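We did not get these values from a lab; they are worked out from the coordinates using the rules stated. A quick note: this is a predicted structure, and the numbers were derived from the prediction, not measured. Note that we place each Cβ from the backbone using ideal geometry, even for glycine, and neighbour counts take in every protein chain shown.
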Amino acid sequence: MISDSELAFAHPEARAEASSSADPRDRISLRDHLVEADIGAFQQERGHKQRLKFNVVVEVRPAPAPLEDDVDRILSYDKITEAIAAELVAERLNLLETLAERVAERVLAEPAAMRIFVRIEKLDVGPYALGVEIVRSRAEVPMALTGTDGTETAVHPLVVYLDDAAIADPGLPKRLDALQARGLPMILTAGLPDLPRPVTGHRPTQRRIDLLAIEQSAWALAARDARCVVVATRTEIDWAMRRGQTVVWAPLKLVLDAVDGPQGAAPVTLALWLAEVLAATAIVIHGNVAIPAGSRVPVERA
């Protein structure tokens, strides 16, 4: 088992794998890419090229099927090396941090790219390597609410997961009172009901059945508190939040329509995915459930 210190210095592939969700995305990587560049904040670094080593991992949404062995259907490795080259010639930079940010931003502009790890090391500063590593993802774009005057305000909601026992708990209204006291827009997500479901043995149809079962729990949750309104789309979420309503998410439509959505129907995984999509402030988990590793949103256990 790899230790934390070993992981800190491991290739970004290992870090990406360690922080992946229960439904990990496909990954492409660039290892030990060496270039020379004039970079650095100190006077002695100016006018002298030094070697930089890049290690990059990009998590991508699955390629459309059939792939047909067609390079135009994937995110090519060339997009990574081209992003590095383009940023190095754009202007002279002082900081590796700035270079890493710009490379990440350029790669994430590609439709298939979802999360990126960028590690850059200077190799000529001494008998060691100095470097920086960043992680960036599309989840960092907050949702925006449009006010009555037409202006948009970035919003980072609070996502709350409630399992079947938490939904049935007589103390549910008090739980919601405490969460509402945080003063954040709130989105409630539900677990699977403690009821038998049809088993099809066919993954796509089983996924729909499980998503529909979660929606049953969402409606049961909404029936417990008059503040709650069940919604299914981003537009409905926006509408309900503008009116100060507590949102209960019915996941079927949003999950099935998402080109980069989660592959399964595990309720906690869906809740984490929604929290990441909406750049939530945090996700609060109610219930004795396993939490997948690698959330890009802070996770709290109630």
Work out which helices of the chain, taken as complete DSSP H runs, extend at least 24 Å along their axis over the Cα atoms and score a mean Kyte-Doolittle of -1.0 or more, then list them. 203-224
Which net charge results for the neighbourhood of GLU36, defined as the other residues with beta-carbon distances under 10 angstrom from its beta-carbon, given Lys and Arg at +1 and Asp and Glu at -1? 0
Nonlocal amide H pairs with MET186, under 5 Å, H built at 1.01 Å: LEU158, VAL247
For segment 231-291, shape from the Cα gyration tensor axes a ≥ b ≥ c, cut at a/c of 1.5 then a/b versus b/c, turns out oblate
Charge sum, other residues only, whose C-beta stays under 9 Å from GLY131's C-beta, Lys/Arg counted +1 and Asp/Glu -1: +1
Report, ordered by chain and residue number, the lysines lying within cross-link reach of LYS79, taken as a straight Cα distance under 26 Å and ignoring same-chain residues fewer than 8 apart. LYS49, LYS53, LYS122
For segment 93-140: rounded, prolate or oblate by the Cα gyration tensor [a/c cutoff 1.5]: prolate
Would you please give the residues with an amide H less than 5 Å from that of ARG115, counting only those at least 5 places away or on a separate chain, with H modeled from the backbone geometry? GLU59
By how many nm would the segment from ARG182 to ALA86 lengthen if fully extended, with 0.36 nm per residue of separation less the alpha-carbon distance? 30.2 nm
Ranked by GNM mean-square fluctuation in the chain (Cα springs under 10 Å), the top entry among PRO111, PRO267, PRO12 is PRO111
In the chain, what is the volume of the convex hull around the alpha carbon atoms, normalised per residue and reported in Å³? 180
Relative contact order of the chain (C-alpha contacts under 8 Å, at least 6 apart) in percent is 17
May I ask what percent, to the nearest 5, of DSSP beta bridges between residues of the chain are antiparallel? 65
Quick one: net charge around ASP163, please, counting Lys, Arg +1 and Asp, Glu -1 for every other residue with C-beta under 13 Å from its C-beta. -1
Place the peptides 40-51, 275-286, 177-188 in order of packing, highest mean first, counting for every residue the other Cβ atoms within 10 Å and averaging per peptide. 275-286, 177-188, 40-51
So how many Å³ per residue does the convex hull of the Cα atoms of segment 141-301 work out to? 113
Pull out a ≥ b ≥ c, the square roots of the eigenvalues of the alpha-carbon gyration tensor of segment 262-302, then state rounded if a/c is under 1.5, prolate if not and a/b is larger than b/c, and oblate in the remaining case. oblate
